[in-house]
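Student: Sharing a structure, written as structure tokens. Questions coming.
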Amino acid sequence: VLERPGIVSFAGGIPDPALFPLREAEAAFRGVLGDPRTAAAGLQYAISEGYPPLRQWIVRHMATLGVPCTEDNVLITSGSQQGLEFLARLLLSAGDTALVTAPTYLGALQAFAAYEPRFCELHLERGEPTAKDYREGARAAGGRVKLAYVVADFANPTGATLSLQAREHLLDLAQELDIPLIEDGAYRALSFEGVLPPTLSALEIARCGSIEAARTVYCGTFSKVLAPGLRIGWIVAGAALIRRLVLVKQASDLNSSSLNQMVMHRLAEAAFERQVVRAQVHYRQRRDALLAALTKYMPTGVRWTRPGGGLFVWLNLPEHIDAAALLAAALDVGVAFVPGAAFFFDGRTRNSARLSYSLPPEEEIEGGIARLSQILAERC
Ligand SMILES: Cc1ncc(COP(=O)(O)O)c(C=O)c1O
């Protein structure tokens with residue numbers, strides 16, 4: 001449907017290919033393959049932990065996020081999606097409880113669901129449920145709480161960013177429950193304004209002194225800033241957990257593509273900082289265009305988030321509106337979005353929608369939102 005000519009798609013959420021660093025990627029592939037020694041390494045098997053110079057780059061990058069670590073704390077994964085799947089494989093058994101926000105990233109729900117956990121909504125405010133409540137709920141369901149997962153910055157699907165208080169609360173909760181806290185940092189670099197609160201990893205290391213004592217597991221990716229097609233992400237955690245994850249990696253696919261890791265290392269060295277700025281400017285313009293169009297056209301009763309970065313706006317529709325039915329009507333007028341129910345582990349809410357501004361050009365955003373607002377107004 002999305003490939004139909006004339007469709008304005010707010011559905012995808014994938015990076016805009018106009019931003020891909022084509023020249024740098026070509027130079028990086030040529031550079032690796034043009035020298036017989038690097039070409040041999042690029043076409044060969046490699047260690048499961050990941051290409052050492054790339055891990056060193058990630059160590060330096062994590063230091064800028066307030067996370068001092070060493071190469072022993074880094075595992076390269078095939079996208080951060082593989083990192084989420086590995087963590088689920090290691091941590092979850094059938095009947096265990098996974099704490100996730102509602103809504104949350106669909107790909108995490110899918111990675112976790114394969115191991116048949118019980119999902120329980122993670123509340124971000126202090127108060128109820130308490131750690132004891134979570135623990136007792138898990139026990140009543142025949143298991144234990146095994147992990148909590150959050151997208152702390154410009155979340156997929158809501159665009160929301162956790163306050164410092166919410167971050168401190170989550171760290172307290174993870175400590176009381178004695179569970180790993182998975183911090184998905186996929187959108188952290190795509191910040192349009194202001195200063196973000198520190199990463200959960202940094203906050204916890206400030207509390208406990210070292211990554212080796214920390215429960216937070218940071219999942220990072222190059223997908224949103226450089227290129228998702230190379231499929232390179234990473235996990236940063238205490239060395240003991242990384243060693244166990246290395247065994248999972250070995251069993252799963254031995255190593256992420258050697259060639260792609262070497263290319264990504266060159267790309268990161270040559271273009272990461274510049275790409276971050278390009279992406280921030282590009283997506284901020286589109287976010288502004290989307291928010292302006294929503295303000296101009298949306299009927300009363302529709303509310304939406306105002307993300308300070310990332311790729312998503314979340315729409316809350318009047319209660320009687322079913323976003324799936326709305327999508328069918330929207331497609332008829334050439335507009336696509338994702339109904340919100342997909343992002344809830346229990347599909348609970350039918351009157352919400354995720355809009356991504358990553359792909360439609362600014363000049364199409366206004367027309368798309370005008371048409372979507374028109375069919376919504378007919379139902380409000
Ligand atoms: C929150 C979040 N985490 C992880 C991913 C996976 O990205 P990748 O596997 O390309 O690193 C995505 C992709 O959309 C995402 O939105």
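Student: Report whether or not residue 195 is touching a strand residue (DSSP E or B) at 6+ places or on another chain (Cβ under 9 Å) and either surrounded by fewer than 21 Cβ atoms within 10 Å (Cβ to Cβ) or modelled with pLDDT under 95 (or both).
Tutor: Working: touching a strand residue (DSSP E or B) at 6+ places or on another chain (Cβ under 9 Å): no; either surrounded by fewer than 21 Cβ atoms within 10 Å (Cβ to Cβ) or modelled with pLDDT under 95 (or both): yes.
For residue 195, the condition - touching a strand residue (DSSP E or B) at 6+ places or on another chain (Cβ under 9 Å) and either surrounded by fewer than 21 Cβ atoms within 10 Å (Cβ to Cβ) or modelled with pLDDT under 95 (or both) - is not met.
Student: Would you check which residues across the range 206-238 are more than 9 Å from the ligand (Cβ to nearest atom) and aliphatic (A, V, I, L, M) and list them?
Tutor: Correct list: 206, 211, 213, 214, 217, 225, 226, 227, 230, 235, 236, 237.
Student: For the range 303-320, what are the residues that are surrounded by 16 or more Cβ atoms within 10 Å (Cβ to Cβ), in contact with a helix residue (DSSP H, G or I) (Cβ under 7 Å, 6 or more places away or on another chain) and in a loop (DSSP other than H, G, I, E, B)?
Tutor: 307, 311, 317
Student: I've got another one for you. Can you pull out the residues in the range 82-102 that are surrounded by 21 or more Cβ atoms within 10 Å (Cβ to Cβ), more than 15 Å from the ligand (Cβ to nearest atom) and polar (S, T, N, Q)?
Tutor: 97
Student: Report, by residue number, each residue of the range 104-134 that is within 16 Å of the ligand (Cβ to nearest atom) and part of a helix (DSSP H, G or I).
Tutor: Correct list: 106, 107, 108, 109, 110, 111, 112, 113.
Student: So residue 50 passes all but one of these: (1) in contact with a Phe, Trp or Tyr (Cβ under 9 Å, 6 or more places away or on another chain); (2) on the phi < 0 side of the Ramachandran plot. Which condition number does it fail?
Tutor: Among (1) in contact with a Phe, Trp or Tyr (Cβ under 9 Å, 6 or more places away or on another chain); (2) on the phi < 0 side of the Ramachandran plot, the lone unmet condition for residue 50 is (2).
Student: Only one residue in 296, 249 is in a helix (DSSP H, G or I), touching a residue at least 60 places away in the same chain (Cβ under 8 Å), surrounded by fewer than 19 Cβ atoms within 10 Å (Cβ to Cβ) and more than 19 Å from the chain's Cα centre (by Cα). Which one? Can you show your working first?
Tutor: Working: 249 fails: surrounded by fewer than 19 Cβ atoms within 10 Å (Cβ to Cβ).
Among 296, 249, only 296 is in a helix (DSSP H, G or I), touching a residue at least 60 places away in the same chain (Cβ under 8 Å), surrounded by fewer than 19 Cβ atoms within 10 Å (Cβ to Cβ) and more than 19 Å from the chain's Cα centre (by Cα).
Student: Next question. Return a yes/no flag: does the range 345-352 have any residue that is free of Cβ contacts under 8 Å to residues at least 12 places away in the same chain, of a type in the set (D, E, K, R) and out of contact with any Gly (no Cβ under 8 Å at 6 or more places or on another chain).
Tutor: no
Student: Tell me, please, whether a residue that is surrounded by fewer than 20 Cβ atoms within 10 Å (Cβ to Cβ), free of Cβ contacts under 8 Å to residues at least 40 places away in the same chain and of a type in the set (Phe, Trp, Tyr) can be found in the range 103-120.
Tutor: yes
Student: Of the conditions (1) within 15 Å of residue 155 (Cα to Cα); (2) outside any strand (DSSP E or B); (3) touching a Phe, Trp or Tyr at 6+ places or on another chain (Cβ under 9 Å), residue 355 satisfies every one except a single condition; which number is it?
Tutor: The number of the failed condition is (2).
Student: Take the range 301-328 and flag every residue that is among the aliphatic types (A, V, I, L, M) and under 27 Å from residue 162 (Cβ atoms). Reasoning before the result, please.
Tutor: Just the residues of the range 301-328 that are among the aliphatic types (A, V, I, L, M), to begin with: 302, 311, 313, 315, 317, 321, 323-328.
Listed by number, the residues that qualify are 302, 311, 313, 315, 317, 323.
Student: Then there is this: State all residues of the range 46-81 that are crowded, with 23+ Cβ neighbours inside 10 Å and either within 12 Å of the ligand (Cβ to nearest atom) or polar (S, T, N, Q) (or both); if no residue qualifies, say none.
Tutor: 73, 76, 77, 80
Student: Taking only the range 331-349 into account, find how many residues are surrounded by fewer than 19 Cβ atoms within 10 Å (Cβ to Cβ) and at negative phi.
Tutor: 8
Student: Something else: Answer yes or no as to whether residue 11 is surrounded by 20 or more Cβ atoms within 10 Å (Cβ to Cβ), of a type in the set (Gly, Ala, Ser) and in contact with a Phe, Trp or Tyr (Cβ under 6 Å, 6 or more places away or on another chain).
Tutor: Values: surrounded by 20 or more Cβ atoms within 10 Å (Cβ to Cβ): yes; of a type in the set (Gly, Ala, Ser): yes; in contact with a Phe, Trp or Tyr (Cβ under 6 Å, 6 or more places away or on another chain): yes.
It is true that residue 11 is surrounded by 20 or more Cβ atoms within 10 Å (Cβ to Cβ), of a type in the set (Gly, Ala, Ser) and in contact with a Phe, Trp or Tyr (Cβ under 6 Å, 6 or more places away or on another chain).
Student: Would it be correct to say that residue 183 is closer than 28 Å to residue 133 by Cβ, in contact (Cβ under 8 Å) with a residue 12 or more places away in the chain, within 16 Å of the ligand (Cβ to nearest atom) and touching a Ser or Thr at 6+ places or on another chain (Cβ under 6 Å)?
Tutor: yes
The values are calculated or read from the model by the stated rules, or taken from the named source; none is laboratory data. Just so it is clear, the model here is predicted, and its values are computed rather than measured. Cβ sites come from the backbone with ideal geometry, for glycine too, and all protein chains shown count toward neighbours.
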